[in-house]
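The values are calculated or read from the model by the stated rules, or taken from the named source; none is laboratory data. Everything quoted here is computed from the prediction, not taken from an experiment. Here the Cβ positions follow ideal geometry from the backbone for every residue, glycine too, while neighbour counts run over all protein chains shown. The area values use the complete protein model at the heavy-atom level, side chains included, leaving out ligands, DNA and RNA. Shrake-Rupley method; radii C 1.70, N 1.55, O 1.52, S 1.80 Å.
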Amino acid sequence: MALTAPPLHENRWSPPAGLSDLEVLVYRSNLLASDRAIVNFGGGNTSVKAREVDHTGHETTVLWVKGSGSDLASIVPGGFTGLRLDELLLLTGRDEMTDEEMVAYLARCQIAPSMPRPSIETLLHAFVPHAHVDHTHPDSIGAIVGTLDGETLAEECFGPDAVWIPYIRPGFALSKLVAEAVAANPEAKIVLLAKHGLVTWGETAEESYAATLEAINRAAAFNAERTAGKAPFGGRRVEPVGDAERADLLAAVLPVLRGAVSVDGPRILQVDMSAEVLDFACGAAAPDLSQVGAACPDHLVHTRRRAVWVDFDPQSEGAGVLQERIVERVSEWRARTGVLRALPQ
Ligand SMILES: [Zn+2]
């Protein structure tokens, strides 16, 4: 089987009338993140540069950017931090800045001290000279920027519409690089960050949203075209079991797995039997692919670097074998990673 072209992400822009700039930003953020193929949990950030009246009664331009601790799908106005843009832009004259210096400086630019700590990617939003900026880590973009030949693929998919930024960890230097690249390529519509994600912008909130959707749809169509006729994950290594057999297997192994991962306190399991997960788990390349590390830093935060892989062939092996292997593999993983330490008896 082959990957088929995914359905396009439809433009669903329809905000209620009468919203403030910050409220429209909340609407745009919630709308983007309502699709987890666009915004993964806790990942990405959005911003608007808006005229606001400060505590002294003076009007000033404020950068509203996502604060830490919020997820874009459920973020509310209080999840954003307002910072004085003119003070942020003074930093474009600097050559370098450590994370600590940057965090301390940003804290002093907040229009109110009680706002959440601004994102580590705040200056990227400040330095891109457009009113609205979206920064996301979408699946279809990750499939391009996370590969060894990502720059070539990006050129083939987007041509001059995209600017490619080689990998550099988020912080002051990356923000300056992106700003310089946008200034040097006025025709570009998007920035692609190697091993990281996407930056889009617009003069209106709707333009920024539409630019994000267009980039994601283009990448998804390109990926589907390039993988057409090719079996994903190296072809099938084993065939998925039928529904009845799967229910029996799960009933036999889930209590064992739960016990194995609950050594330091109770854990709740979640089972995903979607077609995509079955394709991966049954793929010939899955044992290796499962150990290459997370596709995106956000995944790393929530899943750790490498999954526990448990070999199993339902055609020739039974639930007892799987139970034993689960205990062995989880125990090896605990020894290797040092997490899930057993509580003293
Ligand atoms: Zn990012």
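Shape verdict for the chain, please, from the Cα gyration tensor: rounded (a/c under 1.5), prolate (a/b greater than b/c) or oblate. Could you put the intermediate results ahead of the total?
On the way: a/c = 2.18, a/b = 1.67, b/c = 1.31.
Taking the square roots of the gyration eigenvalues as a ≥ b ≥ c, the chain is prolate.
Any idea what angle helix 319-337 forms with the longest principal axis of the chain, computed on alpha-carbon atoms, 0 to 90 degrees, nearest 10?
40
Mind ordering 220-233, 129-142 by average Cβ neighbours within 10 Å, highest first? Write down the numbers at each step before the final one.
Details: 220-233: 14.6, 129-142: 23.0.
Taking the mean over residues of other Cβ atoms within 10 Å, the ranking is 129-142, 220-233.
Report, in degrees rounded to the nearest 10, the 0 to 90 angle that the Cα long axis of helix 99-109 makes with the longest principal axis of the chain.
For helix 99-109, the angle is close to 50 degrees.
Gap in Å between the Cα centre of region 223-301 and the Cα centre of region 97-126?
39
Tell me which residues come under 5 Å, amide H to amide H, from Phe80 once H is placed; ignore anything under 5 positions away on its chain.
The answer is Gly67.
Would you mind computing, in nm to one decimal, how far apart the modelled labels at Ala228 and Asp264 are, each placed 7 Å from Cα along Cα→Cβ?
Label at Ala228, label at Asp264, 4.9 nm between them.
What full-extension length gain, to one decimal in nm, is calculated for Trp13 and Ser34 as 0.36 nm per residue of separation minus the Cα-Cα distance? Each step should come with its number before you reach the end.
On the way: separation 21, 0.36 × 21 = 7.56 nm, distance 1.24 nm.
Length difference between fully extended and current span is 6.3 nm.
Does region 191-325 classify as rounded, prolate or oblate by the C-alpha gyration tensor (a ≥ b ≥ c root eigenvalues; a/c under 1.5 gives rounded; else a/b over b/c gives prolate, otherwise oblate)? Intermediate values should be presented prior to the final figure.
Values: a/c = 2.58, a/b = 1.76, b/c = 1.46.
Prolate, because a/c is 1.5 or more and a/b exceeds b/c.
Report, ordered by chain and residue number, the lysines lying within cross-link reach of Lys66, taken as a straight Cα distance under 30 Å and ignoring same-chain residues fewer than 8 apart.
Lys49, Lys176, Lys189, Lys195
Which order, highest average first, do 174-180, 113-119, 268-274, 210-216 follow once you tally other Cβ atoms within 10 Å for each residue and take the mean per peptide?
Working: 174-180: 19.9, 113-119: 16.0, 268-274: 8.3, 210-216: 22.3.
Result, highest mean first: 210-216, 174-180, 113-119, 268-274.
Give the accessible area for His299 in Å² (nearest 10); use a 1.4 Å probe, count only protein heavy atoms, and leave out ligands, DNA and RNA.
In the full protein context, His299 sits at about 60 Å².
Calculate, for the chain, the solvent-accessible area per residue in square angstrom, rolling a 1.4 angstrom probe over the heavy atoms of the protein chains. Kindly include the intermediate steps, with their values, before the conclusion.
Working: 17940 Å² over 345 residues.
That works out to 52 Å² per residue.
When the accessible area of the chain is split by element with a 1.4 Å probe, what percent falls to carbon and sulfur? Provide the component values of the computation, followed by the final result.
Values: 10030 of 17940 Å².
Whole-percent figure for carbon plus sulfur exposure: 56.
Once you have the Cα-Cα distance between Ala285 and Asn185, take 0.36 nm times their residue separation minus that, and quote the gain in nm to one decimal. Let's see the in-between values first.
Numbers: separation 100, 0.36 × 100 = 36.00 nm, distance 3.94 nm.
Stretched out fully, the Ala285 to Asn185 stretch lengthens by 32.1 nm.
Does anything in region 158-173 have its amide N under 11 Å from the 7 Å Cα→Cβ label point of Glu96, and if so which residues?
173
If each DSSP helix of 4+ residues adds -39,500 (n - 2.57) and the sum is divided by the residues in the chain, what number results at 222 nm, nearest 500 deg cm²/dmol? Don't jump to the answer; show the numbers that get you there.
On the way: 13 runs with 143 residues, N = 345.
After summing the helix terms and dividing by residue count, I get -12500 deg cm²/dmol.
Compare Arg94, Arg84, Arg306 in a GNM of the chain, Cα atoms joined below 10 Å, and give the one with the largest fluctuation.
With Cα springs under 10 Å in the chain, the top fluctuation among Arg94, Arg84, Arg306 is at Arg94.
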